[in-house]
1. Which number in (1) touching a His at 6+ places or on another chain (Cβ under 7 Å); (2) modelled with pLDDT under 95 marks the one condition that Met1 misses?
2. I'd like the full set of residues that are in contact (Cβ under 8 Å) with a residue 24 or more places away in the chain and either out of contact with any Phe, Trp or Tyr (no Cβ under 8 Å at 6 or more places or on another chain) or over 15 Å from Glu35 (Cα atoms) (or both), limited to the range 62-77.
3. Can you name the residue in the range 22-57 that is more than 13 Å from Ile104 (Cα to Cα) and among the charged types (D, E, K, R) and is also modelled with the highest pLDDT among such residues?
4. Looking at the range 41-57, which of its residues are exposed (fewer than 13 other Cβ atoms within 10 Å of the Cβ) and under 19 Å from Lys103 (Cα atoms)?
5. Quick check on this structure: which one of Arg60, Arg68, Arg11 is among the charged types (D, E, K, R) and either at pLDDT 95 or above or crowded, with 17+ Cβ neighbours inside 10 Å (or both)?
6. (1) loosely packed, with under 14 Cβ neighbours inside 10 Å; (2) out of contact with any Gly (no Cβ under 9 Å at 6 or more places or on another chain); (3) in contact (Cβ under 8 Å) with a residue 12 or more places away in the chain: which one isn't true of Lys103, the others all being true?
7. Filter the range 78-100 down to residues that are surrounded by 11 or more Cβ atoms within 10 Å (Cβ to Cβ) and of a type in the set (D, E, K, R) and give me whichever is nearest to Gly32 (Cα to Cα).
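The values are calculated or read from the model by the stated rules, or taken from the named source; none is laboratory data. Since the model is a prediction, treat every value here as computed from it, not as a measurement. Here the Cβ positions follow ideal geometry from the backbone for every residue, glycine too, while neighbour counts run over all protein chains shown.
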Amino acid sequence: MNIKITSVEKRMANILKVLGSPFRVRLLFTIGHSEACVCHLEAVLKKRQAYISQHLMVLRDADILKTRRDGKYIFYRIADDSIFELLEIAAAIQKISPEMLPKINEPGTQANCACPKCEPENSLEKIE
């Protein structure tokens, strides 16, 4: 029996394959409904820049993340928030209660880094 796989099926399977990495799922929850640069993610996730960047590239290539450049910094954001619905459905299939899911980062949450988003806040901390 010869079953032909369509490009739609391949694209759907690719999203699931990309989400097959626990670290990438953690990255998505960390970026959340906001945006983050690699220095934010390093501060929060306690991983090396190179490791984080490799995973960000895979998520970006799968059109899960979008980017914005501000000088030398690149900010990552979720392309479509419905990705969180997919993750919640996956959790429900595994009988994982919503309280056990990582908290989705909300806008305004700052990490301790020197990017343009944090720089003004960091300078205020130094004055106080």
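1. Only one criterion in (1) touching a His at 6+ places or on another chain (Cβ under 7 Å); (2) modelled with pLDDT under 95 is unmet by Met1, namely (1).
2. Listed by number, the residues that qualify are Ala62, Ile64, Asp70, Gly71, Tyr73, Ile74, Phe75, Tyr76, Arg77.
3. My answer is Arg24.
4. Across the range 41-57, the qualifying residue is only Lys46.
5. Answer to the selection: Arg60.
6. Going through (1) loosely packed, with under 14 Cβ neighbours inside 10 Å; (2) out of contact with any Gly (no Cβ under 9 Å at 6 or more places or on another chain); (3) in contact (Cβ under 8 Å) with a residue 12 or more places away in the chain one by one, Lys103 breaks only (2).
7. Asp81
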